[in-house]
Amino acid sequence: MRRLMITTVLAGLMAAASAFADAPKGAWVFDNSPEFPGFTRLIIDGDHSRVTSKWYGDLPLTDLKQDGDTLVFKLYNGNPRVAMTDIIVKPDGDKVRMTGKVWYQDFDMTAHKGDTAEVKALDFPAYPLPDRRVVTQKPLAATPPMGWSSWNKFATNINDKTIREIADALVSSGLRDAGYIYVNIDDGWQGQRDANGALQPNAHFPDMKALADYVHARGLKLGLYSSPGPKTCAGYEGSYGHIKQDAQTFADWGVDYLKYDLCSGEAFYHTPETVYATYQEMGEALNATGRDIVYSLCQYGRFDVGAWGRQVGGHLWRTTGDIEDNYDTMAKIGFDKNGVANHTGPNGWNDPDMLEVGNGGMTTDEYRTHMSLWALMAAPLVLGNDVRTMTPETLALLTNREVIAIDQDRLGAQGLPVQKDGTTEIWTKKLSDGTIAVGLFNRGLSQASVTIPWDKIGLKPKAVRDVWNAKEITPANARTVTLPAHGAVLLKVKPAL
Ligand code: GLA
């Protein structure tokens, strides 16, 4: 009797327990994950409980709590700038349902109990990183690289025809002859890997080698884009697990420049050591191809990248998050996020991101400020506009030879502010011919005057040239200068000895 009672109680308890009571030891396979975050499975096995994502690999369940039949936890979302929020798993018949948000993506998906083979097939491969080494930095960027990139204007709406037309326009507009020689295809060109793991372009780029030949035939160079992560920022195939193979593919196609963007790699590499190692790995792989390929690091300026960018073979490194076509973002970067000045110099450049000049979101004065700041900073000048259809005014801003000469000066010094006073700033940059470039800026919304304290900045002007207007001004007239709202004046000053 007593025994029967116990059995009955146990049976009742078991019936009351939902399917989910098994979940803490279960492996669940998702049925309907959106492409991002590409969740494949949920494994609940005590200390190693995890969710696997095509973007981020295995993510541990952080702050895991059980509340009745519901699990609540957080997932590192690959992006330390975005707060982690609660993710909820509940039973749903013989499945489980997982709802929440990762990064910018809300999701609501179900998962079925996976069998061993099915779960195993979703194992996410881990690849060891190389031991720390210093990579030989090839001398491929004596002055800051100049070119064009597809991202700011076209994002992923790119194809072979557009890139060819851009190459033609760089030539016919005179931009190539002004120095803009790299034609960089940013995110969105990638297709799938073939049976041997070789990365193929997508259908918009039928023949990458032929495209490189086309670009080269016009006296230009071709740039491509990839990521150390499994996915690029726009969700295309990254180089994770295929570093050497991809470097060789790029070299075989005739690529001359690689932008290597951390993207989903930030979930795998979020310490200074691992980020160094993953950039080192591609730097070594590029060198091993024997082809000269400019190496552009894009990891948003983390871990003081300017201090070690050269040591992984890099020629430029982003100092900031993404620029946008508006004055506030451009000014925030240009005035305040341009990296540590003494990291920049021949063959290794602080990169405050690509240009927005000509994209329509700023006034001419604001774009002149943008160009003036980038030139003073010795920033790479990578055009971001549609050079097939730009206005003469845009072309004039982009091809002012004297402004470009300040950017491209062979000393490679990065200009710095010498006075900040209210809304105005004065910047100077030492040039190789003994002259000094002086930038006068007004960050305010109305016209402002700035009086240049020549003594204080240690400069006695003998001759002064107004660079944008290509005319000499007498030193006496170069004392108090009026600047339009958000405007800039660039001077080239010959000091009295
Ligand atoms: C990141 C980079 C951008 C651009 C996009 C492409 O946001 O910082 O410059 O390359 O990825 O997806």
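Split the accessible area of region 416-495 by element, probe 1.4 Å, and carbon with sulfur accounts for 51%.
The charge dipole of the chain, taken about the Cα centre with unit charges on the Cβ atoms of Lys, Arg (+1) and Asp, Glu (-1), comes to about 1120 debye, rounded to the nearest 20.
Database remark: amide H of Val382 closer than 5 angstrom to the amide H of Gly147, Leu355 (H placed geometrically; neighbours at sequence offset of 5 or more, or on other chains; Pro and chain starts carry no H). Highest average first, the peptides 401-413, 363-375 ordered by how many other beta carbon atoms sit within 10 Å of their residues are 363-375, 401-413. Can you give me the angle between helix 364-376 and the longest principal axis of the chain, using Cα atoms only, in degrees from 0 to 90, rounded to the nearest 10? So the inclination is approximately 90 degrees. Three semi-axes describe the equivalent ellipsoid of the chain; taken as square roots of 5 times the Cα gyration tensor eigenvalues and ordered largest first, they are 52, 26, 19 Å.
Note on region 146-407: with neighbouring protein chains present and a 1.4 Å probe, carbon and sulfur make up 48 percent of its accessible heavy-atom surface. For the chain, Cys298 have no disulfide-compatible partner, since no other Cys C-beta lies under 4.7 Å from theirs.
Tell me the carbon and sulfur percent of the accessible area for region 26-120, rounded to whole percent, probe radius 1.4 Å. Carbon with sulfur: 51 percent of the solvent-accessible area. Across the protein chains, with a 1.4 Å probe defining accessible surface, the residues Cys298, Cys233 rank Cys233, Cys298 from largest area downward. Heavy atoms of the protein chains alone define the surface here; on that basis region 416-495 has 49 Å² accessible area per residue at 1.4 Å probe size. For region 146-407, the solvent-accessible area works out to 32 Å² per residue, with a probe of 1.4 Å and every protein chain left in place. Computed over protein heavy atoms with a 1.4 Å probe, the accessible surface of region 26-120 works out to 48 Å² per residue. Annotation: lysines with alpha-carbon distance below 29 angstrom to Lys113 (same-chain offsets under eight excluded): Lys25, Lys54, Lys65, Lys74, Lys90, Lys95, Lys101, Lys231. Report the FRET efficiency, 1/(1 + (r/R0)^6), for Ala210 and Lys456, where r is their Cβ-Cβ distance and R0 is 45 Å, rounded to 0.05. With R0 = 45 Å, the Cβ-Cβ based efficiency is 0.20. For region 416-495, lysine pairs separated by 8 or more sequence positions, or belonging to different chains, with Cα-Cα distances below 12 Å total 7.
The values are calculated or read from the model by the stated rules, or taken from the named source; none is laboratory data. For clarity, every value in this text was computed on a predicted model and none was experimentally measured. All Cβ positions, even for glycine, are placed from backbone atoms using ideal geometry, and neighbour counts span all protein chains on display. Note: areas computed on protein heavy atoms with side chains; ligands, DNA, RNA excluded. Shrake-Rupley method; radii C 1.70, N 1.55, O 1.52, S 1.80 Å.
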